[in-house]
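Chemist: If you scroll down you'll find the structure; I have some questions about it.
The values are calculated or read from the model by the stated rules, or taken from the named source; none is laboratory data. All of these numbers come straight from a predicted model, not from anything done at the bench. Glycine gets a Cβ as well: all are built from the backbone with ideal geometry, and neighbour counts include every protein chain shown. Please note that ligands, DNA and RNA were not included when accessible areas were found on the heavy atoms of the full protein model with its side chains. Shrake-Rupley method; radii C 1.70, N 1.55, O 1.52, S 1.80 Å.
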Amino acid sequence: MSALHDTARELVAPGKGILAADESTGTIKKRFDSIGVESTEEQRRRYRQLLFTTPNVGDHISGVILYDETIRQSADDGRRFVRVLQEAGVVPGIKVDTGAKPLAGFPNETVTEGLDGLRERLAEYASLGARFAKWRSTIIIGEGTPTDFAILANAHGMARYASLCQEAGIVPIVEPEILMDGGHDIAACASATSRTLEGLYEQLAAHRVDLPGSLLKVNMVVPGKGNAVQDDDVAIAKATIDVLTAHVPTEVPGVVFLSGGMTDEQATNRLNEMNKIGAAGGGLNWELSFSYGRALQAPSLNAWKGEEGNVEAAQAALAHRATMNGLARSGDYAPEMESSAA
């Protein structure tokens, strides 16, 4: 297990975090539609090449989560994307779930699929160079939800996935995401996140998953987007740390946050506030880092617009966001840095 432990710690190294570039074909089409670019395989390859060849990308990016299509692609110079990342000092990873589907018998709840054939797929991904993987489940706050069974079903699936990953020599990232949709308050999010994490770690223990060789990717504790009261970043940071402290075992080396529903700067500042709290209190039980997709990529995508002449500007936009989040890892970010850089 020592290699898994080393990889997990490498992914949450100080000043660094993970770039999530694992959008499905359907999801990246929506992103491309927003900038008026057709989503062909070649356009997707060109865009991912832009991200992965950003100068000094390894300064603040420790790992990149790839999609099945992407892990098989190569750069213009013939180097496989996996090799491009490795040579930049970045750990290649892979998304392995096949998406959230309706949970039969439980209206308005989902369960993530993808366990069929997973052992064989993990073996192939390991041979292609993947050293970590990601599996996402979605938990929905609503009238009577999340139910205990939906939490159990998703936790059980994540634990089976995690066990298979470690068997294949791959670090599992387990990602239970409590969605921001709805009008619930921050207390409801804290409750749902607490119940979900409790169920998850019960299942990981039952499946004999080695926690030091794993990472948690999770939402911050925030009010629903439809709630009239939107708590400030300090309150969100405190609420999130309280939930993590109560439910995440100390053996877990790091927690990497998702950015779903937050602006680029919100995602950075909230992470920064958590690490400021940690520094003031003499440290936390785990590294608190980022695994952002849209909150790292959106400025690059908007700068690129599918034009070769915009590649340098798009890479500069990614480098800036990575640097800002790298500073947030130690609580050294300040919003004024955004305007000074602009």
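Chemist: Given the -39500 (n - 2.57) contribution per DSSP H run of 4+ residues, what per-residue ellipticity at 222 nm results for the chain, rounded to the nearest 500 deg cm²/dmol?
Modeler: That comes out to -15000 deg cm²/dmol.
Chemist: Please give the contour-minus-distance gain from Asp148 to Asp116: 0.36 nm per residue of separation, less the Cα-Cα distance, rounded to one decimal in nm.
Modeler: Here the answer is 9.1 nm.
Chemist: Let me ask something else about it. Once the range 114-238 is represented by equal point scatterers at the alpha-carbon sites, with solvent omitted, what log10 I(q)/I(0) does the Debye formula produce at q = 0.15 Å⁻¹?
Modeler: Reported log10 I(q)/I(0), two decimals: -0.71.
Chemist: Give me the percent of accessible area attributable to carbon and sulfur for the chain, probe 1.4 angstrom.
Modeler: 50 percent
Chemist: Work out how much length Glu38 to Asp77 would gain on full extension: take 0.36 nm times their residue separation and subtract the Cα-Cα distance, in nm to one decimal.
Modeler: 11.7 nm
Chemist: From the Cα gyration tensor of the range 1-127, with a ≥ b ≥ c the square roots of its eigenvalues, which class applies: rounded if a/c is under 1.5, or else prolate if a/b is larger than b/c, or else oblate?
Modeler: oblate
Chemist: Please work out whether the chain counts as rounded, prolate or oblate from its C-alpha gyration tensor, where a ≥ b ≥ c are the square roots of the eigenvalues and a/c under 1.5 means rounded, while otherwise a/b larger than b/c means prolate and anything else oblate?
Modeler: Note, shape of the chain comes out rounded.
Chemist: Which order, highest average first, do 46-57, 302-313, 171-182, 268-279 follow once you tally other Cβ atoms within 10 Å for each residue and take the mean per peptide?
Modeler: 171-182, 268-279, 46-57, 302-313
Chemist: Work out the length of the dipole vector of the range 173-287 about its Cα centre, built from +1 on the beta-carbon of each Lys and Arg and -1 on the beta-carbon of each Asp and Glu, and round it to the nearest 20 debye.
Modeler: 140 debye
Chemist: Out of all DSSP beta bridges in the range 72-175, what portion is antiparallel? Express it as a percent rounded to 5.
Modeler: Once the DSSP bridges in the range 72-175 are tallied, antiparallel ones form about 40 percent.
Chemist: In the range 152-304, what % of DSSP beta bridges are antiparallel (nearest 5)?
Modeler: 0 percent
Chemist: Follow-up question, since we're still on this one. Using Cα centres only, tell me the gap between the range 260-309 and the range 89-166 in whole Å.
Modeler: 23 Å
Chemist: What list of ³J(HN,Hα) couplings, whole Hz, do you get for the range 30-40 from phi and the Karplus terms 6.51, -1.76, 1.60, once you set θ to phi - 60° and write x for glycine and proline?
Modeler: Ordered by residue, 3J(HN,Hα) equals 4, 5, 5, 4, 5, 10, x, 10, 5, 8, 9 Hz.
Chemist: Considering only the other residues whose Cβ falls under 15 Å of the Cβ of Val111, what net charge follows from Lys and Arg at +1 and Asp and Glu at -1?
Modeler: -4
Chemist: Please give the per residue accessible area of the chain, computed with a probe of 1.4 Å over protein heavy atoms only, in Å².
Modeler: So the chain comes to 40 Å² accessible per residue, rounded to a whole number.
Chemist: Further question on the same structure: Quick one: work out the % antiparallel among DSSP beta bridges in the range 10-145, nearest 5.
Modeler: 30 percent
Chemist: Nothing charged except the Cβ atoms of Lys and Arg (+1) and of Asp and Glu (-1): what's the magnitude of the dipole of the chain about its Cα centre? Round to the nearest 20 debye.
Modeler: About 500 debye.
Chemist: What is the distance in Å between the Cα centroid of the range 1-53 and that of the range 178-256?
Modeler: First find each Cα centre; the distance between them is then 23 Å.
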